[in-house]
Amino acid sequence: MVRPKGQKQQQKRGVDFKKIRRKIGRKLPPPKNATNTEIKSKAIILPEQSVASEKAGLAVSKKGLTLKELLQQTSHHNAKVRKDALIGIRDIFLKYPAELKLHKLAVIEKLRERISDDDKMVRETLYQLLKAVIFPGCKEDIHGPFVSLMMTYIFNAMTHLAIDVRLMAFKYFDLVLRYYPTSFSMYAEKILQNYEDILRKNQFYLQDKGKLKSALAGLAHCLSLLPSKKRDDDSAIKKDAATRRILHAFEPDAPKDHAGFPVKDKLKDLLPILVSCFQDFIPLTNTMPVLDGQSFDCMLSILQSIDLVVKYFVYETDSDEKETHVSLRDQKTFPILQKKLFNVFPLNPTHHLSGK
């Protein structure tokens with residue numbers, strides 16, 4: 001019997017895939033190319049291999065961290081870690097005051113980086129650390145190099161884009177000024193320029209009067225250190241100061257003369273800005289039956305600053321009284337005070353201020 005030609009060719013063709021039939025319920029065998037992922041390890045025990053033993057005898061915080069470790073953590077990307085590191089540094093310095101004496105410059109050099117920190121709580125924690133621990137602990141050692149380490153970063157913060165950082169920078173400078181008053185004479189021109197810049201834009205900061213109040217109080221403190229002829233002519237004060245200098249090597253906070261103190265032009269520019277800043281608060285007295293405490297403190301600091309600037313020109317030490325009054329008239333100082341400042345008094349809710 002002859003088979004058909006097509007059927008013969010079909011029998012010669014091979015099978016492409018062989019189907020394996022698995023029985024239901026049986027576990028499949030592993031594939032031939034499967035990788036064994038089992039890990040076998042053995043513990044190695046070494047004597048004296050302990051972190052606690054390595055830190056024996058070192059000053060550590062409540063969390064067991066050394067000063068070096070905490071200083072490194074102040075640059076951590078997480079704000080909470082940076083804040084906790086500052087708190088740990090405070091714990092070490094309170095428990096081991098000698099550590100602050102030994103490492104004060106290294107600590108300041110590292111902590112100053114946080115003056116412009118983006119996080120509000122980190123900046124505030126640093127301020128409290130400097131105010132309550134570091135500056136009081138290094139009061140005798142605060143001198144030019146110590147201050148110069150701080151001032152570079154304070155000036156950078158004063159020109160920061162963030163408003164909160166700028167206002168906080170003035171608090172840092174006021175803190176430096178309280179422990180090293182002569183720092184104002186060293187940086188007077190630059191400081192007054194930064195105050196001018198921030199007061200020109202004070203309308204943007206009126207919503208946060210607490211921070212503006214701190215900046216204005218710092219300005220009044222700075223201006224109180226200006227040299228004054230009246231202060232020098234007061235014989236009683238002069239005699240008392242001379243006695244204290246002899247007995248206790250006392251150095252007065254305010255400079256005796258204008259040598260190295262070229263701030264006259266800056267003060268002339270600052271005075272109308274202060275008057276304008278005061279006027280920005282006047283609408284509050286017209287709309288509020290009782291002025292809130294922060295606004296009152298801001299207005300008081302502005303008036304104190306105006307008073308100190310005028311006294312500086314009246315009692316300046318490098319010119320006589322006649323030249324001083326001529327200088328004031330040339331700058332139209334008294335017309336500004338009379339038209340824009342004196343006319344608004346007495347302040348009361350029914351008073352309406354005319355246009356600037």
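The values are calculated or read from the model by the stated rules, or taken from the named source; none is laboratory data. Keep in mind it's a predicted model, so treat the numbers as computed, not measured. Using ideal geometry, Cβ is built from the backbone for each residue, glycine included, and neighbour counts are taken over all protein chains shown.
Hey, residue 175 hits all of (1) surrounded by fewer than 16 Cβ atoms within 10 Å (Cβ to Cβ); (2) modelled with pLDDT of 90 or more but one; which does it fall short on?
(1)
For the structure I just gave you, tell me whether residue 153 is touching a Ser or Thr at 6+ places or on another chain (Cβ under 7 Å), farther than 24 Å from residue 271 by Cβ, touching a residue at least 40 places away in the same chain (Cβ under 8 Å) and of a type in the set (Phe, Trp, Tyr). Reasoning before the result, please.
Details: touching a Ser or Thr at 6+ places or on another chain (Cβ under 7 Å): yes; farther than 24 Å from residue 271 by Cβ: yes; touching a residue at least 40 places away in the same chain (Cβ under 8 Å): yes; of a type in the set (Phe, Trp, Tyr): yes.
It is true that residue 153 is touching a Ser or Thr at 6+ places or on another chain (Cβ under 7 Å), farther than 24 Å from residue 271 by Cβ, touching a residue at least 40 places away in the same chain (Cβ under 8 Å) and of a type in the set (Phe, Trp, Tyr).
Among the residues of the stretch 161-179, how many are more than 10 Å from the chain's Cα centre (by Cα) and within 20 Å of residue 217 (Cβ to Cβ)? Working first, answer last.
Residues of the stretch 161-179 more than 10 Å from the chain's Cα centre (by Cα): 161-163, 174-179.
From what's left, within 20 Å of residue 217 (Cβ to Cβ): 163, 174-179.
Total meeting the criteria: 7.
Can we say residue 159 is of a type outside the set (A, V, I, L, M), at negative phi, touching a helix residue (DSSP H, G or I) at 6+ places or on another chain (Cβ under 9 Å) and surrounded by 16 or more Cβ atoms within 10 Å (Cβ to Cβ)?
Details: of a type outside the set (A, V, I, L, M): yes; at negative phi: yes; touching a helix residue (DSSP H, G or I) at 6+ places or on another chain (Cβ under 9 Å): yes; surrounded by 16 or more Cβ atoms within 10 Å (Cβ to Cβ): no.
So residue 159 fails the test.
Looking at the structure I just gave you, is residue 154 at pLDDT 90 or above and either among the polar types (S, T, N, Q) or buried (at least 18 other Cβ atoms within 10 Å of the Cβ) (or both)?
Answer is yes for this residue.
Might you let me know whether the stretch 78-87 holds any residue that is closer than 14 Å to residue 137 by Cβ and touching a Leu at 6+ places or on another chain (Cβ under 8 Å)?
no
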